[in-house]
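Only the coordinates and a few stated rules stand behind these numbers; no lab work does. What you see is a predicted model, and the numbers here were worked out from it, not measured in a lab. All Cβ positions, glycine included, derive from the backbone under ideal geometry; neighbour counts span all protein chains shown.
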Amino acid sequence: MASNRPTKFIFVTGGVVSSIGKGLTCASLGALLEARGLKLTMLKLDPYINVDPGTMSPFQHGEVFVTDDGAETDLDLGHYERFVESRMSRLNNFTSGQVYETVIANERRGDYLGRTVQVIPHITDEIKRRIFLCSKGFDICIVEIGGTVGDIESLPFLEAIRQMRADVNPENAIFLHVTLLPYIAAANEFKTKPTQHSVKELTSFGIVPSIIVCRSEQRLAQSIKTKIGHFCNVREDCVINAVDVSSIYELPLVLHDEGLDDQVVRLLNIWTGSPNLKPWQRIVNSFKNPLKGRVRIAMVGKYIGLPESYKSLTEALHHSGFANGCQIEIVYVDSSAIEKEGVDATLQKAAGDQKIDAILIPGGFGDRGTEGKIEAVRYSRENGVPFLGICLGLQMAVIEYARHKCDLPQAASGEFSPDAECKVIDLMESQKKVSSKGGSMRLGAYPCVLKEGSLVRKLYGTDNISERHRHRFEVNNAYRQALEDAGLSVSGLSPNGELIEIIELPDHPWFVAVQFHPEFKSSPRTPHPLFKGFIAAALNHRDASLAALGDSHEQDCADQSYPQNGVETKNEKTLASEAELA
Ligand code: GLN
């Protein structure tokens, strides 16, 4: 599309309750518009005062998503990157904290000399400036307002987008409101009243939605759409039903069938052909028909019961399930339980009467449960169970190897044992001077060179890669030789050879650990090579174990439906952030 045309804005608000999937609705709409050939970007506005979510515990906020340019952002940006081809950067997410920080810095510099600095116009102008900055050069900018309409915190955002529609001319902007229609079993009815009230509230701020997306457990009858249309003053065909789906990747198809993208392009007066939805149909088809049954991946981490904390990771596993023709069952294993009950008993208990096909140790902070994680590494290494370690997972694998293969029983990490003698994991040189916590880790994309003949080189199919990071500690080079002499292969290094990025064990069926976070770059259309290889290895391990038992996996495949929302949890847990330790 020609870039001299004005950018068209879609402002998305949420009503009734939080967590109704506004982010996924935006991401799916983005996918549909891109599939029509439009160049788009997406923006998430977060009403809280933190400058970014990097200092927040995942207990509070779920996963911190990291962009190539090193921004620590809201997890909705992860949804965006999994659904759209357009890449996100630090321009694509901002918080009230950032807005106030800028306005206050302007005030101190004297930019507003003589004037009183106020929410309107100074805060709202800064919000608008940031939205315009992000949208430059794009046909479409989808702007998602965090929180629920009526929250005190998000009022300046609502005021800013209300003004923006007039600023860009009304034909270049629409408001889309996402609500929930609760089902009341006793009355056997979906209730429209909460939607009516939230639209009324939105209207009181001067924002009149043109499209209402209604989340519901079951498909809504036409009569309900008619009713919402009448009471909320929208066209009946602009009441879009986002019915619950078995996998989030079905959502673009569901919303397209409901006419969402047709209505958006009609309202914004954009001409496009019909969208090419083949990639999404292929993805849905592959998860609905997993030819190779199911694999069980034990994710060994801290237990806190918030699945949102590992969002990119669980999704990356599912993408590779699609690519390998199998379903993924994630079995969450509390690493503290391993410390108390031993690794065999804990894994067995977590898997029920089934077997674990591979073990993954995700990123994390703090020492709770780390001895259990180290035990889980030992178990994978000694039993030939496929292993993938990510960030803290790599650090655990290095400690395990040092302790049991290099005769360094005191091997430790400087993160948990700052005074230890044998710190095989230690603070990076650049981190030693860091005094403030916010945005100060090694963040974002860094290049890595892969070793000739290594497993990772084969998986990636290239010798130069770029992956995203979020850590302060690294493998201590003082122990590199000892580790290599004992059989550990350093298969990925920073271009100057200083930082260990990847390790693997050549004499193990599949054992890889990485200092970066590959999960941030996986999408259903482009599953990540490391996860693809990991899941393929899990399948091999499963089949070899079944063959050893003289069994076949057919029985295992029977009567297993795909987990809700693409993620199945047994025990749900998360990594804790640095904030949790404070
Ligand atoms: N806590 C470790 C570090 O800071 C690992 C971080 C992570 O897993 N993201 O280096």
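The order of 333, 16, 119, 64, going from fewest to most other C-beta atoms within 10 Å of their C-beta, is 119, 16, 64, 333. Over the C-alpha atoms of segment 418-526, the Rg to Rh ratio, Rh being the Kirkwood estimate, stands at 0.98. Neighbours of residue 208 by Cβ distance under 13 Å: Lys/Arg scored +1, Asp/Glu scored -1, total +3. Each residue of segment 82-155 gets 124 Å³ once the volume of the Cα convex hull is shared out per residue. For the pair segment 408-427 / segment 439-502, the C-alpha centres are spaced 20 Å from each other. Computed over the chain, the Cα gyration tensor eigenvalues convert (square root of 5λ each) into semi-axes of 43, 30, 21 Å, ordered from largest to smallest. State which entries of 39/136; 458/521; 458/532; 39/311 exceed 22 angstrom in Cα-Cα distance in the structure shown. Among 39/136; 458/521; 458/532; 39/311, the Cα-Cα distance tops 22 Å for 39/311. Rounded to the nearest whole Hz, the Karplus-based 3J(HN,Hα) values (6.51 cos²θ - 1.76 cosθ + 1.60, θ = phi - 60°) of segment 252-259 follow the sequence x, 5, 4, 5, 5, 4, 7, x, with x at glycine and proline.
When the trypsin sites (Lys or Arg not before Pro) in segment 403-486 are filtered for DSSP coil states and for at most 14 other beta-carbon atoms within 10 Å of their beta-carbon, the remaining sites are 432, 433, 437. Ranked for footprinting exposure by Cβ neighbours inside 10 Å, fewest first, 56, 42 give 56, 42. Against the chain, whose longest principal axis is taken from its Cα atoms, helix 222-232 shows a tilt of about 60°. Listed values for segment 330-335 are Karplus-derived 3J(HN,Hα) couplings in whole Hz (6.51 cos²θ - 1.76 cosθ + 1.60, θ = phi - 60°), namely 9, 9, 7, 10, 6, 5, and x replaces Gly and Pro. How many angstrom lie between the C-alpha centres of segment 247-317 and segment 94-167? Value for the Cα centre distance between the two parts: 31 Å. The longest stretch of the chain left intact once loop-based GluC sites (Glu not before Pro) with at most 15 other Cβ atoms within 10 Å are removed from consideration, loops following DSSP, is 218-420.
For segment 257-362, the share of DSSP beta bridges that are antiparallel, to the nearest 5, is 0%.
Phi-derived couplings, Karplus 6.51 cos²θ - 1.76 cosθ + 1.60 at θ = phi - 60°, listed residue by residue for segment 237-243: 7, 9, 9, 9, 9, 9, 6 Hz, with x used for Gly and Pro. The gain in end-to-end length when the residue 289 to residue 118 segment is fully stretched comes to 55.9 nm, 0.36 nm per residue minus the alpha carbon separation. Bridging of residue 423 to lysines at a Cα separation below 29 Å is possible for 302, 340, 373, 405, 432, 433, 437, 451, 573, once same-chain residues fewer than 8 apart are set aside. Summarising the amide proton neighbourhood of residue 471: residues at separation of 5 or more, or on other chains, whose placed amide H is nearer than 5 Å comprise 442.
Please report the antiparallel percentage of the DSSP beta bridges confined to the chain, to the nearest 5. Expressed as a percentage, antiparallel bridges in the chain total about 35. Taking the Kirkwood radius as Rh and the Cα radius of gyration as Rg, segment 98-141 has a ratio of Rg/Rh equal to 1.08.
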